[in-house]
Amino acid sequence: MSQNNQNNQNSAAQNVAEQVKNGAGVVFDAAKNTIQGAEDVAMTAVDKTADVIDQTTNSVSNGMRNQQNNNR
């Protein structure tokens, strides 16, 4: 095999390796974005749940306070 053919094969192999690396980068970026999106949705759900609990607790406290005032 001539030196020129060997250089061409090495260059082709490096190009393939670079394409694989670039493809993996795209896949990892997509996975990262998906995970980030899922985390955002989950945290929004947690925040909304905390808000509902706070509102319920405040409502119960106000109701109990009103009940005590009505009994006086």
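The values are calculated or read from the model by the stated rules, or taken from the named source; none is laboratory data. Predicted model, so just to flag it, every value in this text is computed and none were measured. Cβ coordinates were reconstructed from backbone atoms using ideal geometry, including for glycine residues, and neighbour counts include every protein chain displayed.
Some observations on this one:
- There is at least one residue in the stretch 54-67 that is free of Cβ contacts under 8 Å to residues at least 24 places away in the same chain and exposed (fewer than 10 other Cβ atoms within 10 Å of the Cβ).
- Pairs, first among the small types (Gly, Ala, Ser) in the stretch 7-20, second surrounded by 10 or more Cβ atoms within 10 Å (Cβ to Cβ) and not in a helix (DSSP H, G or I), C-beta under 6 Å, six or more apart: none
- The stretch 39-72, residues that are among the small types (Gly, Ala, Ser) and modelled with pLDDT of 85 or more: Ala42, Ala45, Ala50, Ser59, Ser61
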